[in-house]
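The values are calculated or read from the model by the stated rules, or taken from the named source; none is laboratory data. The model shown is predicted, which means the values in this text are computed figures rather than measured ones. Cβ coordinates were reconstructed from backbone atoms using ideal geometry, including for glycine residues, and neighbour counts include every protein chain displayed. The accessibility values were calculated without ligands, DNA or RNA, using every heavy atom of the protein model including side chains. Shrake-Rupley method; radii C 1.70, N 1.55, O 1.52, S 1.80 Å.
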Amino acid sequence: MNTITITLAKQAQLYLEADLITPDQFAGKSTAEIGAIEISEGKIRYPLASFAKIEGAAGPTPEETRIVLNGDWSRVKRIGQQMSAGEIIINSNVDMYTGGWMKGGKITVNGNADSFTGIAMAGGELTIKGNCQNHVGSAYRGDWRGMTGGVLRVMGNVGNDIGTFMRGGTIIVEGDAFIHVHTHGEGGTIIVKGNVEGRVGGQSVKGDVFVNGKIDYMMPGFKYVDDVTKEVDGVSAVYAHYIGDLGERHPDVKGQKIFTNLYLKK
Amino acid sequence: MKEVIKHVACPYCGACCDDLEITVEDDKIIEVKNACIIGTEIYHHASREGRVGSPRRRQPDGTYKDITYDEAIDFTAKMLIKAKKPLIYGFGSTNCEGMAAAGRVAEDAGAVLDNCASICHGSSFLAIFDTGYPSCTLGEVKNRADVVIYWGSNPAHAHPRHMSRYGIFPRGYFTGKGARGRKVIVVDPRYTDTARCADHFLQVAQGHDYDLFDAFRMVMHGYAADLPDVVAGIPKEKILEVCDVIKAGRYVHIFFGMGLCHSDGRNHNVDIAINLVRDINEFTKCTIMAMRGHYNIAGPGIVWAWQFGFPYCIDLTKGSHAHMNPGETSSVDLANRGEIDAFINIGTDAGAHFPIRSFEKIGGAGIPMVTIDPSVNMAATVSDVHIPVAIVGVETGGICYRMDNVPIQYRAVIKPFNGILTDEELFDKIYERMQELKMAGIESDGSWEYAAPLADVRPVKEAYE
Ligand code: SF4
């Protein structure tokens with residue numbers, strides 16, 4: 001695997017949009033060609049080299065390309081958008097849409113990420129070592145197909161709308177979440193190791209949600225069924241098992257209604 | 001000579017009452033009939049002392065000096081070309097013609113185009129994108145609805161004639177008994193003046209409307225037995241009683257306000273309401289409508305969806321496509337995050353309506369700012385340039401969309417004060433000037449030689465003292 005290191009040397013007055021910083025775009029390109037890749041600040045477009053120092057070399061394919069981002073990337077959006085393979089390591093905070101629509105590969109953020117992180121993610125591994133804001137692994141506005149695959153792990157806390165319209169994949173939040181977890185969910189798994197204020201599984205059709213901490217306000221549409229032992233992220237524990245949302249439509253499979261399972265650690 | 005102009009539509013709230021009678025004499029408004037008190041005021045405002053009759057430029061000492069329209073248009077055009085990401089926000093109080101002209105300017109300038117829905121019913125748009133909008137016209141409510149629900153809205157104060165013209169009191173084709181034939185349900189955390197007209201008032205716990213909708217939906221899906229004893233502060237028995245009223249209705253209609261779209265969860269409070277409407281339609285006919293605030297705040301949603309495919313928060317900076325994602329491209333977030341470098345406040349007052357901390361980031365940050373509005377509002381007092389325009393519905397006509405998305409033809413009853421321009425004329429002139437400047441070689445390079453921020457921006461408070 002080849003490593004290419006980009007150090008952000010200059011800050012933009014507003015925010016930069018860098019949806020072309022992906023192994024897919026970098027693969028097979030020379031350092032000069034990578035430096036010419038466009039980033040934009042509002043309606044003005046710049047070559048990447050005008051803001052950053054580029055060292056190392058990209059691999060011949062995305063799979064063989066690792067991108068390391070140094071410097072302060074907290075005002076840069078859309079890093080790793082739609083990437084399909086390879087690796088990005090961000091040694092900084094980042095702004096919105098990190099790993100949005102990603103299909104494969106691996107992104108590690110050694111810092112915080114803003115909203116819309118991993119939005120409509122379809123595959124790969126996205127790890128945020130710090131906190132995230134809102135709409136983590138959720139759907140784009142008006143799209144009923146949210147996250148469909150991959151593993152999105154946030155080691156810190158998150159805001160609202162976690163996995164909205166989720167259909168597959170796994171979201172693991174090691175800290176707390178605010179409200180709206182798995183809202184409109186149609187599949188997938190969400191694990192929250194901390195507490196959630198409320199609205200877990202609202203309008204959710206099917207899928208699995210695990211909460212290890214407390215839920216301050218439980219949705220009325222969730223009904224206790226039984227206690228079960230489950231292995232969650234490598235740790236086995238007893239959970240109270242609820243089904244719901246009873247206020248939402250649910251498909252029939254072989255004469256049996258399918259619900260969303262909510263597991264609350266005992 | 002006195003003249004009475006009939007069938008005039010009111011340019012104030014989203015109810016768009018179109019039965020006003022205005023008496024004018026020598027281009028002055030003498031009397032306003034049929035309007036409520038706030039509607040009456042807007043007409044008298046036009047004839048009052050202290051109107052601004054010319055564009056004004058802010059001076060270094062904070063005072064304003066009259067400038068010509070040409071100078072004001074030149075400043076605005078240069079600012080729009082030079083800025084990297086200008087924001088054009090407002091449009092609550094103008095006509096669709098002005099909105100379309102502003103759309104052309106925004107596209108040419110590579111600006112972000114947003115309207116007051118951004119801080120109002122914008123979240124309802126998000127719900128509508130997700131779940132659809134089973135709505136109707138206000139005429140259908142008046143003529144058919146026998147169960148009317150006001151949820152998180154207080155028309156008694158915000159839309160004063162709404163209850164008498166459409167919601168509760170009017171006698172319609174199938175509703176000949178008027179209020180006596182209607183069941184009225186009000187859901188609100190406060191006992192409002194609207195709640196005083198209700199047959200059933202549900203005092204929902206603040207911020208828990210979502211839970212209460214879920215409970216209603218459980219009943220509609222046949223899970224009444226699984227309801228907790230109390231949901232969002234409402235006892236189970238009361239929820240079941242109200243559900244029976246709803247199911248027994250021949251035509252149920254839900255009006256929802258900012259109590260839903262501006263408490264925690266926002267769009268989800270509305271999309272669950274829309275899903276409840278879908279559920280109720282398994283039993284009887286049911287429709288839903290947003291209580292839009294201003295008389296033409298439904299307009300930009302219609303006009304821009306036609307121009308750009310999106311109703312609000314439209315980022316046109318890329319030139320190749322429009323991008324919309326509230327949370328990122330919404331005005332308050334752009335301001336909060338320091339993501340814009342020029343601002344046009346048109347037909348609204350961002351100074352009064354934005355959270356003060358986010359407005360400070362525009363008004364106090366040396367970002368060049370232009371206010372286009374008939375009156376001196378708070379935003380105008382910190383703008384570099386204030387351009388007065390004719391008052392829509394009083395001094396100029398045009399198309400405005402009522403809260404049910406029905407277009408209403410507005411009329412001018414007097415001539416524009418001091419010959420000031422309309423919003424449409426102004427934006428068309430800004431567009432023309434932008435073309436001239438571009439021909440002369442002025443480019444978007446993000447430099448500020450043409451629109452240098454004024455050094456001395458005094459806080460609003462000080463400017464008033
Ligand atoms: S209810 Fe609204 S539209 Fe009707 S007169 Fe009053 S302010 Fe004007």
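Quick notes on this one:
- Taking the DSSP bridge list for the protein assembly as shown and keeping only pairs wholly inside it, about 40 percent are antiparallel.
- Summing +1 for each Lys or Arg and -1 for each Asp or Glu among the other residues whose beta-carbon sits under 10 angstrom from that of A:G244 gives -3.
- For B:A111, the residues 5 or more places off, or on other chains, whose built amide H falls under 5 Å of its own are B:L316.
- Spatial offset of the range B:52-101 relative to the range B:277-320 amounts to 27 Å, using the alpha carbon center of each.
- Long-range HN-HN contacts of B:G14 with modeled amide H, under 5 Å: B:H294, B:Y295
- Computed extension gain for B:S164 through B:R180, at 0.36 nm per residue and net of the alpha carbon distance, reaches 4.5 nm.
- Peptide A:4-13 shows a mean partner chain C-beta count of 1 within 10 Å per residue C-beta.
- Rounded if a/c under 1.5, otherwise prolate or oblate - the range A:1-50, Cα gyration tensor axes: prolate
- Accessible area (Å², 1.4 Å probe, nearest 10) - A:M218: 60
- The candidates A:H182, A:H241, B:H7, B:H221, arranged from most to least accessible area with a 1.4 Å probe in the full protein assembly, appear as B:H7, B:H221, A:H241, A:H182.
- Residues of type aspartates and glutamates that B:K318 reaches as a straight line, Cα spacing below 14 Å, ignoring anything fewer than 8 places off in the same chain: A:E17, A:D19, A:E38, A:E41, B:E107, B:D108
- With N counted as the residues of the range B:3-45, its alpha-carbon radius of gyration over 2.2 N^0.38 Å works out to 1.04.
- Sorting A:K77, B:K142, B:K6 by accessible area puts them as B:K6, B:K142, A:K77; the probe is 1.4 Å, largest comes first, and only protein heavy atoms count.
- Bridgeable lysines around A:K230 (alpha carbons under 16 Å apart, same-chain partners fewer than 8 residues away excluded): A:K193, A:K265, A:K266.
- Positive-end residue of B:P235, A:N112, B:G110, charge dipole of the protein assembly as shown with Cβ unit charges: B:P235
- Cα-based Lys pair tally, the range B:122-290, threshold under 17 Å, eight or more apart or on separate chains: 9
- Axis of helix B:122-131 versus longest Cα principal axis of chain B: the two differ by about 50°, to the nearest ten degrees.
- From phi via Karplus (6.51, -1.76, 1.60), per-residue ³J(HN,Hα) for the range B:174-183 in Hz, x at Gly/Pro: 9, 10, x, 8, x, 4, 5, x, 10, 9
- Antiparallel bridge percentage (DSSP; both residues within chain A; nearest 5): 35
- Reach of A:K53 by Cα under 20 Å, taken over lysines that are not fewer than 8 positions away in the same chain: A:K10, A:K29, A:K77
- Here the Karplus curve 6.51 cos²θ - 1.76 cosθ + 1.60, taken at θ = phi - 60°, turns the phi angles of the range B:292-300 into couplings of 5, x, 7, 5, 10, 7, 6, x, x Hz, with x standing for Gly and Pro.
- Projected label points at B:M439 and B:D19, each 7 Å from Cα along the beta carbon direction, are separated by 5.3 nanometres.
- Accessible surface, 1.4 Å probe, highest first, among residues B:R182, B:R266, A:R141: B:R266, A:R141, B:R182
- Modelled label positions at A:K129 and B:K65, each set 7 Å beyond Cα in the direction of Cβ, lie 5.6 nm from each other.
- In order through the range A:18-27: 3J(HN,Hα) via Karplus (6.51 cos²θ - 1.76 cosθ + 1.60), integer Hz, x for Gly, Pro: 10, 5, 8, 7, 9, x, 4, 6, 7, 3
- Inter-label distance, nm, simple model (7 Å from Cα along the C-beta direction), A:Q13/B:K28: 4.9
- Accessible area of B:C286 in the full protein assembly, 1.4 Å probe (Å², nearest 10): 0
- Prolate/oblate/rounded call for the range B:122-290, Cα gyration tensor, a/c under 1.5 rounded: rounded
- Three semi-axes describe the equivalent ellipsoid of chain B; taken as square roots of 5 times the Cα gyration tensor eigenvalues and ordered largest first, they are 41, 26, 19 Å.
- Average beta-carbon neighbours from other chains, 10 Å sphere, peptide A:183-195: 1
- Top positive-direction residue, dipole computed over the range B:3-45 with Cβ charges, set B:I5, B:C16, B:I29: B:C16
- Cα shape, the protein assembly as shown, gyration tensor, a/c 1.5 rule: oblate
- DSSP bridge pairs, chain B: antiparallel proportion in percent, nearest 5: 40
- Length gained when the stretch B:E49-B:Y173 is fully extended (0.36 nm per residue, less Cα-Cα span): 40.1 nm
- Computed from the C-beta positions of A:K230 and B:A224 and an R0 of 25 Å, the FRET efficiency is 0.25 to the nearest 0.05.
- Here r is the Cβ-Cβ distance between A:R45 and A:R249 and R0 is 45 Å; the resulting FRET efficiency, rounded to 0.05, is 0.45.
- Point-charge dipole on Cβ atoms (K/R +1, D/E -1) for the protein assembly as shown, about Cα centre, debye to 20: 1340
- Evaluated over the Cα positions of chain A, the convex hull gives a direction-averaged projected area, one quarter of its surface, of 14.5 nm².
- Sequence-distant residues sharing a close amide H with B:I372 (under 5 Å, placed H): B:N345, B:I346, B:G347, B:I387
- A:E197 contributes about 70 Å² of solvent-accessible surface, heavy atoms of the protein only, 1.4 Å probe.
- Estimated dipole of chain A in Debye, rounded to 20 [Cβ of Lys and Arg +1, of Asp and Glu -1, Cα centre]: 240
- Relative contact order, percent, chain B [alpha-carbon distance under 8 Å, six or more residues apart]: 25
- Selection from A:G123, A:G221, B:G132, by position along the positive dipole direction of the protein assembly as shown (Cβ): A:G221
- Each Lys or Arg adds one and each Asp or Glu subtracts one; over the other residues with Cβ under 14 Å from the Cβ of B:G139, this totals +1.
- Averaged over the residues of B:214-224, the number of partner chain Cβ atoms lying within 10 Å of the residue Cβ comes to 5.
- Cβ-based net charge around B:I67, under 9 Å, with every Lys or Arg adding one and every Asp or Glu removing one: 0
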